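What follows is calculated from the coordinates using simple rules that are stated; it is not laboratory data. Please read these numbers as outputs of a predicted model, since none were measured by experiment. When we count neighbours, we look across all protein chains shown, and the Cβ atoms used for this are built from the backbone with ideal geometry, even at glycine.
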Amino acid sequence: MPEVRIVNVTKKYGNLYALDNVSLTIQDQEYFSLLGPSGCGKTTLLRLIAGLIEPTSGEIYIGDRRVDKVPPEDRDIGFVFQTFALFPHMTAWSNVLYGPKVKNYDAKQSETIGHEVLELVKLNERLNAYPSELSGGMMQRIAVARALAAGAKTLLLDEPLGQLDAKVRNEIRYEIRRMAKDLKLTAIHVTHDQAEAMSISDRIAVMKKGKVVQIGTPQELYMHPNSLFVAHFIGESNFLEGYITEVNDAYSEIELRQGLRIKALNPRDIKKEERVVLAIRPETCEMKRGHIKAENALFGQVDKTTFEGTIVRYEIRLDNGDRFVINRPSLTEQWINVGDEVTITYPLDKAHLFPYPEAGLTEEISV
């Protein structure tokens, strides 16, 4: 199955850059997600790969073939839309066989393909049902089956789970990945839901304002974000602003508001007196009741606790006025109450240090 390469692709609408000089490679048989907020260009990129629109400049390759001037029907792709896009007057069987019929497959071949893909999506028993008689999850599986029946080697999915409720969405996303892997397809999945992308993707491209800001495995993006935006958009982070007051081989010391000093590793070689932002994940911290003398500690008071099923979320006002969030597993948590004084510590290697952005922190992390 084919590798997909995007080479210096730009798409403009008047003076607006929907995509700005994007380059990336989706590997053969990879389940790859394009992740980002609404308006970042991810659906535009998917439509360019599909051939539904043409790039302003740049090149698109599927396998060894350049396809940016090739009609959609000749690209061997299957496109699954958010809105299902099933023909309402056709049964599930007729919807699935639409592709083979358009491609003039003979009746026996079409029937074999139809049964195979319906078996794959576990809907062979509903082949005579109309879309209005199917649940949202079933309709999306029929939409995938229709794409597969047309002989797709590359599967493009544009927010395919957006109209499903949470429980069905969780089930279907794993089914789609399983089908793509079983058929050895190259799959490109567009979503704005980071939990969805993190759970099913081999790799993810995080996009913002028409650009790809980081590509990596879910673990790489979460554990090693390359920017404040990625640290904010993938998971959740606490952001503490300050200045570097000391740099040595082991760590950098940062002075926060009201003279509070803490430490962090400094892999970016940020210099003394530079303004910085420290990003700390809420689940990497330890918290104990009371003010306890500890190295590299933050002190504060619990303002709010929220039970969220698997976690307890604590919102804390630090003594220097900064806000801080900690997530703790609910099953093992000995609850700390609103108003309690607490001491927070964090591992140095789990805190990420960034230069303070020129546009300001709020603008940098905005979606």
Task: Degrees, to the nearest 10: 166-182 long Cα axis against longest axis of the chain - done: 60 degrees
TODO: For an R0 of 41 angstrom, estimate the FRET efficiency from the Cβ-Cβ distance between residue 73 and residue 358 and round to the nearest 0.05.
DONE: 0.30
Open item on the list: Apply the a/c threshold of 1.5 to the C-alpha gyration tensor of the chain and tell me whether it is rounded, prolate or oblate.
Closed with: prolate
Task: When the range 237-365 is reduced to its Cα atoms, the Kirkwood hydrodynamic radius in Å - done: 15.3 Å
TODO: Averaging sequence separations of C-alpha pairs under 8 Å and six or more residues apart, then dividing by the length of the chain, give the relative contact order as a whole percent.
DONE: 16 percent
Open item on the list: Taking the number of other C-beta atoms within 10 Å as the exposure measure, put 126, 268 in order starting with the fewest.
Closed with: 268, 126
Task: aspartates and glutamates whose Cα lies under 18 Å from that of residue 122, excluding same-chain neighbours fewer than 8 positions away - done: 111, 133, 171, 175, 182
TODO: Once you have the Cα-Cα distance between residue 182 and residue 101, take 0.36 nm times their residue separation minus that, and quote the gain in nm to one decimal.
DONE: 26.7 nm
Task: Added length on full extension, which subtracts the Cα-Cα distance from 0.36 nm per residue, residue 236 to residue 271 - done: 10.0 nm
Open item on the list: Whole-Hz ³J(HN,Hα) for each residue in the range 88-93, computed from phi via Karplus 6.51 cos²θ - 1.76 cosθ + 1.60 with θ = phi - 60°, x for glycine and proline: what do you get?
Closed with: x, 8, 10, 6, 4, 4
Task: Separation of the residue 28 and residue 133 label points, Cα + 7 Å toward Cβ, nm - done: 4.3 nm
Task: Calculated log₁₀ intensity ratio I(q)/I(0) where the Debye formula runs over C-alpha points of the range 174-305, q = 0.19 Å⁻¹ - done: -1.15
TODO: Enumerate the lysines that residue 11 could reach by cross-link, defined here as Cα to Cα under 23 Å, with residues fewer than 8 away along the same chain left out.
DONE: 42, 69, 208, 209, 211
Open item on the list: Can you tell me which aspartates and glutamates have their Cα less than 19 Å from the Cα of residue 304? Leave out same-chain residues fewer than eight positions away.
Closed with: 236, 283, 286, 315, 319, 322, 333, 340, 341
Task: Centre separation in Å (Cα based) which lies between the range 267-339 and the range 2-72 - done: 41 Å
